[in-house]
Every structure is written in C-alpha cells, then in structure tokens.
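The values are calculated or read from the model by the stated rules, or taken from the named source; none is laboratory data. What you see is a predicted model, and the numbers here were worked out from it, not measured in a lab. Neighbour counts run over all protein chains shown; Cβ positions are idealised from the backbone, glycine included. The accessibility values were calculated without ligands, DNA or RNA, using every heavy atom of the protein model including side chains. Shrake-Rupley method; radii C 1.70, N 1.55, O 1.52, S 1.80 Å.
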Amino acid sequence: MHALLVEDDDRMAQALGTALAQRGHTVRRVARAQDALRHTREAEFVLLDLGLPDLDGIELLRRLRTVCGVPLIVVTARCEERDVVQGLRAGADDYVVKPFRMAELMARIDTVRRRTDARADRDAPAAAAVRRGDVEVDLAGRTVTVAGDRVRLTRREFDVLALLAARPDEVHSRAEILDRIWGDAFLAASRSLDVHVAGIRAKTGRSGIVRTVRGYGYQLGGER
Ligand code: CA
C-alpha cells in the first residue's frame with residue numbers, strides 16, 4: 001500500500017518510514033500541510049501528525065476529508081480527551097498518542113485498513129471535479145469557476161460546497177455538515193452554516209447551486 005506520512009519531525013518520520021517500508025508499504029513523507037494536500041490523491045492511507053508548521057492538523061484533517069476517503073490515523077503528542085474527540089469527529093479512523101509502540105501502531109493500521117476497505121469506495125469523491133451547469137467545483141485544486149471565471153469563496157464556503165459536491169446525490173444533514181467542517185455537530189442551531197450557504201449562492205451568482213432541504217439540510221443543486 002502507498003502511505004502518505006505527514007510529519008514535520010525528521011527523526012519521527014524516519015522511524016515511521018522505516019517501519020512502514022519493512023511491512024512492504026511505499027511511503028511519501030511530507031512535512032507541511034500544503035504538501036499533504038497536493039499528494040492525497042495517490043495515498044492509500046494517511047498517517048497525520050497534528051502539530052505542523054503551516055496549518056493546524058485538525059484543520060488539515062477536515063480539508064483532507066473533503067477530498068479523500070482513505071484510512072487516516074492521527075499520530076500526535078496531543079493527548080487531551082478533547083483533542084482525541086476533535087480528531088475523531090473531524091474524520092480520523094483512529095488516534096494514536098506519542099510516544100507509541102511501533103508494533104501497536106502497525107497493528108492499528110492493519111485494523112483500520114480492514115475496517116475501511118468497504119467504506120473507502122463509498123466515501124471517495126466520484127470525480128476530481130464536479131460540474132453543474134456552468135459551475136465547476138474542482139475538489140482537488142480547491143477552486144470554483146462560473147462560466148470559466150474563478151470565484152473567490154472563503155475557505156469554509158469552499159469546504160461546504162466541496163462536501164456537497166463530493167457526493168452530489170446525497171442530502172447532507174445540518175449536523176453532518178457542521179460536524180465535518182466546523183467539528184461540532186452541536187452548533188446545529190447556529191446560523192453559521194446558513195450564512196456560508198448564502199455566501200456561496202451570492203458569490204457564484206447561481207442560487208440553485210445549493211439546494212435547501214427544509215428542516216433537514218442541504219444538497220448540491222443546479223443542472224447536470
Ligand atoms: Ca509535529
């Protein structure tokens with residue numbers, strides 16, 4: 001399997017890289033979140049450190065989850081219960097606290113891979129880009145164009161649109177969207193999500209691009 005190892009500590013990366021290689025995995029190691037996002041497409045599973053120099057790991061985790069459904073294990077020194085819950089809520093399949101026993105981590109990787117094999121197919125976006133009428137959402141490149149012109153959405157507006165576009169046939173509940181993007185389903189009563197949806201509609205000038213399902217949530221709209 002091909003692993004994406006996101007770890008800014010050289011010694012840790014080397015130890016992990018060696019252990020993975022011994023078990024027959026190929027490894028791409030990156031030290032920055034920005035590089036992680038560029039190499040997600042090739043990864044069959046991801047090991048993610050949370051303390052990265054250019055972006056908080058939880059934020060990176062959310063972004064990775066909008067474009068990729070492969071098994072992902074957080075490997076971090078953050079051991080507060082709150083951190084673990086946040087990591088799992090943001091979409092990690094498992095959470096391992098440093099220092100850890102290498103054999104245990106390798107066993108957890110195997111377990112998570114077995115468990116997520118069936119699920120990975122379901123969760124992976126069907127396409128790298130999704131088109132609705134003259135709106136194109138490029139999930140990998142994180143860009144949106146309308147009639148060929150680039151539209152500047154905020155990071156969160158894009159995350160919401162990408163989540164809907166990744167599985168365009170599904171209706172997503174408010175709780176699911178808030179949980180996956182804000183990391184907190186209990187915000188369900190807040191107006192944040194509606195404000196972001198309004199932003200997407202206004203900036204694209206295509207109000208139908210997000211369909212409201214009253215009392216429940218949202219779905220990607222627009223003409224196919
Ligand atoms: Ca680190």
Exercise. Among the residues of region 1-22, which ones are in a strand (DSSP E or B) and within 16 Å of the ligand (Cβ to nearest atom)?
Worked result: Leu4, Leu5, Val6
Exercise. Only one of (1) more than 25 Å from Trp182 (Cβ to Cβ); (2) open to solvent by less than 20 Å² (accessible area, probe 1.4 Å); (3) of a type outside the set (Ser, Thr, Tyr); (4) within 16 Å of the ligand (Cβ to nearest atom) fails for Phe100. Which number is that?
Worked result: (2)
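Quick one: which residue in Thr66, Thr76 is more than 16 Å from the ligand (Cβ to nearest atom), open to solvent by less than 30 Å² (accessible area, probe 1.4 Å) and polar (S, T, N, Q)?
Going through Thr66, Thr76 in turn, just one is more than 16 Å from the ligand (Cβ to nearest atom), open to solvent by less than 30 Å² (accessible area, probe 1.4 Å) and polar (S, T, N, Q): Thr66.
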Seminar exercise, completed: Of the conditions (1) within 16 Å of the ligand (Cβ to nearest atom); (2) within 24 Å of Ser192 (Cβ to Cβ), the single one that Val160 does not satisfy is (1)
Exercise. Which residue pairs have Cβ atoms under 9 Å apart, sit 6 or more places apart or on different chains, and have a first residue in region 70-81 that is more than 20 Å from Arg41 (Cα to Cα) and a second that is open to solvent by 70 Å² or more (accessible area, probe 1.4 Å)?
Worked result: Ala77/Pro99
Exercise. Can you name the residue in region 16-63 that is of a type in the set (Ser, Thr, Tyr) and open to solvent by 30 Å² or more (accessible area, probe 1.4 Å) and is also farthest from Ala166 (Cα to Cα) among such residues?
Worked result: Thr18
Exercise. Name the residues in region 23-63 that are part of a helix (DSSP H, G or I), more than 16 Å from the ligand (Cβ to nearest atom) and closer than 21 Å to Met1 by Cα, would you?
Worked result: Leu37, Arg38, Thr40, Arg41, Glu42
Seminar exercise, completed: Checked region 64-84 for anything in contact with a strand residue (DSSP E or B) (Cβ under 6 Å, 6 or more places away or on another chain), over 19 Å from Ala162 (Cβ atoms) and not in a helix (DSSP H, G or I); matches are Pro71, Ile73, Val74, Val75, Cys79
For this session: Check whether at least one residue in region 81-91 is within 15 Å of the ligand (Cβ to nearest atom), open to solvent by 20 Å² or more (accessible area, probe 1.4 Å) and assigned by TED's automatic domain parsing to the domain that holds Val112, and report yes or no.
Result: yes
